[in-house]
Amino acid sequence: MFGYIICNQKGLSEEEMARYKAFYCGLCRSLKKEFGQLERFTLNFDMTFLVLFLAALYEPEEEKSDFRCVCHPFHKRQQLKTVFSDYAADMTIALSYFKCKDNWEDDHKYTSRVYGELLKKSYDTVRERYPRQCSAIEESLSALSRLEKQPEAMVDEAVNLSGRMLMEVFVYKEDFWSESLRHFGYELGRFIYLMDAAIDYEDDKKTGNYNPILKMESTPEKIEPMLDMIIGNAAAIFEQLPIVQDEHLIRNILYGGVWQKYNAKIHGKEKSHG
């Protein structure tokens, strides 16, 4: 995945950091349980945020346990799982499968093609479970691929398609909160798309790959207010939800963590936002 929806460790207590890592390990264990060892390579913090966010809103039963990890053999690890861990594992497979396809089409990365083919069976399983979410991902990415090949296409359309892709991922089920979650996922998807363009700006400038910032004849620095506005929209929706559990941890991510890669790449240092 993209790796932008992450926490800022400096702003978290030891307890919060331990809880964050436990959600991450819980997602990893769900990937192994549902799909196998190979699929654990799709593990990412973006989908850890999905688990954290949905669990904070719905407050489902939590399952905590210690375990031994082959990647960290000398110390026991703790996993924290909810019903959303398995759901996020499914969404991780779906998004990773299409990320591999995108990498192959854009950069002809052979490893992405091979890994995508290996994920195909797992993705088919996920699609049977969650046709609404997977249809949204497929349709949005297909439209985005066509649009990026059209010289006259408007950049706003591309940004919005990325939002439409992620909006359904945040809706686990249709209920009282589904529309708020759609709006939140929509803004987060738009932010990720533009953030990815900002990080890849120099590389895309050299290779000639499609980049919405280049299309706008702008620069990563000049679109910073736009990024700030979009993530601000997402944060405003979060603030309206009755979230108490992990409230500070989610704020840490939305107000600071999401900017870490941008600040390191563009500014070469940390910079406050919001």
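From the residues in region 165-196 that are buried (at least 18 other Cβ atoms within 10 Å of the Cβ) and among the hydroxyl-bearing types (Ser, Thr, Tyr), which one is farthest from residue 231 (Cα to Cα)?
Once the filter is applied, the top-ranked residue is 172.
Go through 99, 76 for me and flag whichever is farther than 21 Å from residue 116 by Cβ and either without any contact (Cβ under 8 Å) to a residue 12 or more places away in the chain or not hydroxyl-bearing (Ser, Thr, Tyr) (or both).
None of the others qualify; the one that does is 76.
Rundown of residues vs (1) in contact with a His (Cβ under 7 Å, 6 or more places away or on another chain); (2) within 24 Å of residue 85 (Cβ to Cβ); (3) aliphatic (A, V, I, L, M), yes/no style:
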| residue | (1), (2), (3) |
| --- | --- |
| 139 | no, no, no |
| 155 | no, no, yes |
| 192 | no, yes, yes |
| 195 | no, no, yes |
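If you take just the helices (runs of 4 or more DSSP H) that sit entirely in region 78-166, which of them hold at least 3 residues that are more than 30 Å from residue 59 (Cα to Cα) and over 20 Å from the mean Cα position of the chain (by Cα)?
110-129, 131-148
So which residues in region 39-48 are of a type in the set (A, V, I, L, M, F, W, C) and touching a helix residue (DSSP H, G or I) at 6+ places or on another chain (Cβ under 6 Å), if there are any at all?
Within region 39-48, 43, 47 qualify.
Residue check, residue 250 against (1) of a type outside the set (Phe, Trp, Tyr); (2) crowded, with 17+ Cβ neighbours inside 10 Å; (3) not in a helix (DSSP H, G or I), all met but one. Which one?
So residue 250 meets the others, but not (3).
Restricting to region 165-202, count the residues that are touching a residue at least 24 places away in the same chain (Cβ under 8 Å) and among the charged types (D, E, K, R).
4
With within 23 Å of residue 49 (Cβ to Cβ), among the aromatic types (Phe, Trp, Tyr) and not in a helix (DSSP H, G or I) as the only criterion, which of 193, 172, 186 stands out?
Sole residue among the options that is within 23 Å of residue 49 (Cβ to Cβ), among the aromatic types (Phe, Trp, Tyr) and not in a helix (DSSP H, G or I): 172.
Here is a check on your reading of the model: is residue 217 part of a helix (DSSP H, G or I) and either at pLDDT below 95 or surrounded by 14 or more Cβ atoms within 10 Å (Cβ to Cβ) (or both)?
No: the conditions fail for residue 217.
Does residue 239 satisfy the condition of being within 23 Å of residue 48 (Cα to Cα), among the acidic types (Asp, Glu), modelled with pLDDT of 95 or more and surrounded by 15 or more Cβ atoms within 10 Å (Cβ to Cβ)?
For residue 239, the condition - within 23 Å of residue 48 (Cα to Cα), among the acidic types (Asp, Glu), modelled with pLDDT of 95 or more and surrounded by 15 or more Cβ atoms within 10 Å (Cβ to Cβ) - is not met.
The values are calculated or read from the model by the stated rules, or taken from the named source; none is laboratory data. Everything numeric in this text was worked out from a predicted model, so none of it was measured. A quick note on method: Cβ atoms are made from the backbone with ideal geometry, for glycine too, and the neighbour counts reach across all protein chains shown.
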